[in-house]
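Visitor: Take a look at the following structure, please.
The values are calculated or read from the model by the stated rules, or taken from the named source; none is laboratory data. If you're wondering where the values come from, they're calculated on a predicted model, not measured in any experiment. Cβ sites come from the backbone with ideal geometry, for glycine too, and all protein chains shown count toward neighbours. The protein model used for the area step is the full one, side chains on, heavy atoms only, and it has no ligands, DNA or RNA in it. Shrake-Rupley method; radii C 1.70, N 1.55, O 1.52, S 1.80 Å.
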Amino acid sequence: RTTENQLLVIFGASGDLTARKLVPALYKLYQEKHLPEHFAVLGVARSFMTDEQFRKRVALESKHIKDSDEFIAQFSEKLFYQDLGDSYDVSYMELNERLQDLNTAYQTDNNFIFYLSTPPSLFEPIAKNLTAQGLNDEREGWKRLIIEKPFGYSLDTAQSLNNDLHRYFKEKQIYRIDHYLGKETVQNILVTRFANSIFEPLWNRSYIHHVEITNAESDGVESRGGYYDKSGALRDMFQSHLLQLVALIVMEPPLSADPEEIRNEKLKALKSLRLMTDPEVLEQNTIRGQYLASEIDGERVNGYREEEDVDPDSTTETYAAVKFYVDNWRWADVPFYVRTAKRMPTKVTEVVIHFKSPHHQIFKNSNINKDNKLVIRIQPDEGILVKFGVKVPGQGFKVERGNLDFYYSSLGDTHIMEAYERLLLDAMQGDATLYARADEVEAAWRFTDPILEYWKEGNARIYGYSAGVWGPEHADELIEGKGQWRNPGA
Ligand code: BG6
């Protein structure tokens, strides 16, 4: 694939994401020679900064880069900045002029990407203002819009955001980021399933007992209390990243690796999740929790309600666990258990496929803990682990668990692209495979909405858990009868 000459405009350029993720990702692409010959970045935000101040702000120098100062400077010279001021219409005219100047100076062929890393309330006004300047028009050069999360706050808001954006840009111009799709190990789910003949024949209700997905973070909400308190774990992680993982596990084989084929199958998967609307069902199948103050390694850590910008009476969840079913031919009656939380003992994301016991037990000392498992380690220690029974040497047939373990790190020096690197490069090349389509995002909200509604009404209890443990004890009951949560590293 080729990367055509282009200009990348980042809205919200004074924010954290630009300095922490986007500019370092672009630098890496530059280092690896993935950027086109003619390329420039224009950072845009409300506050005033010179180009030089912007270059300092993203501070590549401090990022432990080993390249020469000259090489880093060559890259930095491609970075520019434009303030939008407060009066939108006037400043968009200036913005357009600046864009045209840079486009001429850097020969970027009228190919523009607009990356919206702003609060969601600005997505629509920005798209509208760009359109007023003719910057959605693809007669000369292409125009693409990348939208950061959160994409909506509910099904309604996601639908109206989609409608708003579609008024100005065509769906094929819109790239909705879900950075989990940029992770190598997440993409590898497709390869594991569809480039091997040893897993897919077993990938169904006849052989799979249940599926478990854990996403744990050891950090609390840090400085993002203001955002997080209005969002919570279900919106922040489950509706987006985790349901994308579910879609990749659940989907049928696509006809080809074509973006639309893959996204069509993911959409079907998300539509097949059984909606939970009955309060009793919601009560039995969802659990929410909130971390309490506690001591970790002799140091006191704040409870969620004590965090900066968090309401002291907040009932926002920092832990969410959901059990659900997938109503289709392949998955009927196979329970899925998905949990996500902050302030867990460790940072880890993994998918575990628990296989059924052999239907006839010859070796009497086998038990459910010895059943086959396929563990897809999304992060850290990226890799894949197959657990299977082996004979313990000696008399009789004692069965123990053996491991077949693949680590990505064993591939040697291959550079594993960071999620943002991969996603930026894909958008630069016009490949939307790893971006969420409008209908996918809406299907994920359709499933999440009734849970949020039920929780909002204050029906569901919110369980406290000490920071540094695997969530509320009550969550064990959710999975009981099917085994227990696999707590990685515990
Ligand atoms: C973000 C969430 O989308 O993903 C954060 O808003 C979360 O709350 C982060 O910490 C987790 O991403 P990763 O790549 O560190 O697992």
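Conditions (1) more than 23 Å from the chain's Cα centre (by Cα); (2) part of a strand (DSSP E or B); (3) closer than 26 Å to LEU248 by Cα, marked per residue:
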| site | (1), (2), (3) |
| --- | --- |
| LEU374 | no, yes, yes |
| ILE384 | no, yes, yes |
| ARG401 | yes, yes, no |
| MET428 | no, no, yes |
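Visitor: Right, another one. Taking segment 383-421 as the search range and keeping residues that are within 16 Å of the ligand (Cβ to nearest atom) and open to solvent by 70 Å² or more (accessible area, probe 1.4 Å), which one is modelled with the highest pLDDT?
Guide: Across segment 383-421, the extreme among qualifying residues is GLU418.
Visitor: Given the criteria modelled with pLDDT under 95 and either open to solvent by less than 40 Å² (accessible area, probe 1.4 Å) or in contact with a strand residue (DSSP E or B) (Cβ under 8 Å, 6 or more places away or on another chain) (or both), does PRO125 qualify? Outline the logic, then answer.
Guide: Values: modelled with pLDDT under 95: yes; either open to solvent by less than 40 Å² (accessible area, probe 1.4 Å) or in contact with a strand residue (DSSP E or B) (Cβ under 8 Å, 6 or more places away or on another chain) (or both): yes.
Here the answer is yes, as PRO125 does meet what is asked.
Visitor: Additional query: In this structure, does TYR227 turn out to be within 16 Å of the ligand (Cβ to nearest atom), over 16 Å from the mean Cα position of the chain (by Cα) and crowded, with 19+ Cβ neighbours inside 10 Å?
Guide: Details: within 16 Å of the ligand (Cβ to nearest atom): yes; over 16 Å from the mean Cα position of the chain (by Cα): yes; crowded, with 19+ Cβ neighbours inside 10 Å: no.
No, not satisfied.
Visitor: Just checking, which of ASN215, ASN162, ASN188 is at pLDDT below 95, of a type outside the set (D, E, K, R) and surrounded by 15 or more Cβ atoms within 10 Å (Cβ to Cβ)?
Guide: Working: ASN215 fails: at pLDDT below 95; ASN162 fails: at pLDDT below 95.
The conditions single out ASN188.
Visitor: Moving to a separate point now. Can you list residue pairs whose Cβ atoms sit under 6 Å apart, with the first residue in segment 227-255 being among the hydroxyl-bearing types (Ser, Thr, Tyr) and assigned to a helix (DSSP H, G or I) and the second being open to solvent by less than 20 Å² (accessible area, probe 1.4 Å) and within 16 Å of the ligand (Cβ to nearest atom)? Count only pairs 6 or more apart in sequence or on different chains.
Guide: Cβ pairs passing all conditions: TYR228/VAL221; SER240/ASP178.
Visitor: Where the second residue is among the hydroxyl-bearing types (Ser, Thr, Tyr) and open to solvent by less than 100 Å² (accessible area, probe 1.4 Å) and the first is over 22 Å from LYS230 (Cβ atoms) and lies in segment 296-317, which pairs have Cβ atoms under 8 Å and are six or more apart or on separate chains?
Guide: ARG300/SER294; VAL301/SER294
Visitor: If you go through segment 182-205 one residue at a time, how many are over 26 Å from LYS21 (Cα atoms) and in contact (Cβ under 8 Å) with a residue 12 or more places away in the chain?
Guide: Initial filter on segment 182-205 (over 26 Å from LYS21 (Cα atoms)): 191-205.
Filter once more, keeping what is in contact (Cβ under 8 Å) with a residue 12 or more places away in the chain: 192-194, 199-200, 202-205.
Matching residues across segment 182-205 total 9.
Visitor: On the basis of being out of contact with any strand residue (DSSP E or B) (no Cβ under 7 Å at 6 or more places or on another chain) and surrounded by fewer than 20 Cβ atoms within 10 Å (Cβ to Cβ), does GLY468 make the cut?
Guide: Criteria not met by GLY468.
Visitor: So which residues in segment 17-34 are free of Cβ contacts under 8 Å to residues at least 60 places away in the same chain and either within 14 Å of GLU77 (Cβ to Cβ) or of a type in the set (D, E, K, R) (or both), if there are any at all?
Guide: Within segment 17-34, ARG20, VAL23, TYR27, TYR30, LYS33 meet the criteria.
Visitor: Can you pull out every residue in segment 165-185 that is at pLDDT below 95 and more than 19 Å from ALA427 (Cα to Cα)?
Guide: THR185
Visitor: Only residues that are part of a loop (DSSP other than H, G, I, E, B), within 16 Å of the chain's Cα centre (by Cα) and away from the ligand (no atom under 16 Å from the Cβ): list them for segment 430-443, please. Give the steps one after another, and end with the answer.
Guide: Restricting attention to segment 430-443, the residues satisfying the condition of being part of a loop (DSSP other than H, G, I, E, B) are 430-435, 437.
Adding the requirement that they be within 16 Å of the chain's Cα centre (by Cα) leaves 432-435, 437.
The answer is ALA432, THR433, ARG437.
Visitor: So if I check each of GLU200, GLU252, GLU140, which one is open to solvent by 40 Å² or more (accessible area, probe 1.4 Å), more than 16 Å from the ligand (Cβ to nearest atom) and in contact with a helix residue (DSSP H, G or I) (Cβ under 7 Å, 6 or more places away or on another chain)?
Guide: Values: GLU200 fails: open to solvent by 40 Å² or more (accessible area, probe 1.4 Å); GLU140 fails: in contact with a helix residue (DSSP H, G or I) (Cβ under 7 Å, 6 or more places away or on another chain).
That would be GLU252, the only listed residue that is open to solvent by 40 Å² or more (accessible area, probe 1.4 Å), more than 16 Å from the ligand (Cβ to nearest atom) and in contact with a helix residue (DSSP H, G or I) (Cβ under 7 Å, 6 or more places away or on another chain).
Visitor: Give me a count of the residues in segment 48-68 that are more than 18 Å from LEU17 (Cα to Cα), at pLDDT below 90 and of a type in the set (Ser, Thr, Tyr).
Guide: 1
Visitor: Starting from segment 92-118, take each residue that is free of Cβ contacts under 8 Å to residues at least 60 places away in the same chain and list its partners that are among the acidic types (Asp, Glu), counting only C-beta distances under 8 angstrom and pairs at least six apart or across chains.
Guide: As it stands, the answer is ASN110/GLU140, since those pairs meet every condition given.
Visitor: Of the residues THR340, THR316, which is hydroxyl-bearing (Ser, Thr, Tyr), open to solvent by 10 Å² or more (accessible area, probe 1.4 Å), within 14 Å of the ligand (Cβ to nearest atom) and within 20 Å of ARG235 (Cα to Cα)?
Guide: Numbers: THR340 fails: open to solvent by 10 Å² or more (accessible area, probe 1.4 Å).
From the options THR340, THR316, the qualifying one is THR316.
Visitor: Just to be sure I understand, how many residues within segment 288-306 are touching a helix residue (DSSP H, G or I) at 6+ places or on another chain (Cβ under 9 Å) and either at pLDDT below 95 or open to solvent by 80 Å² or more (accessible area, probe 1.4 Å) (or both)?
Guide: Qualifying residue count for the region: 2.
Visitor: Anything in segment 105-122 that is of a type outside the set (Gly, Ala, Ser), closer than 20 Å to TYR175 by Cα and open to solvent by 70 Å² or more (accessible area, probe 1.4 Å)? List them, or say none.
Guide: PRO119, the sole residue that qualifies.
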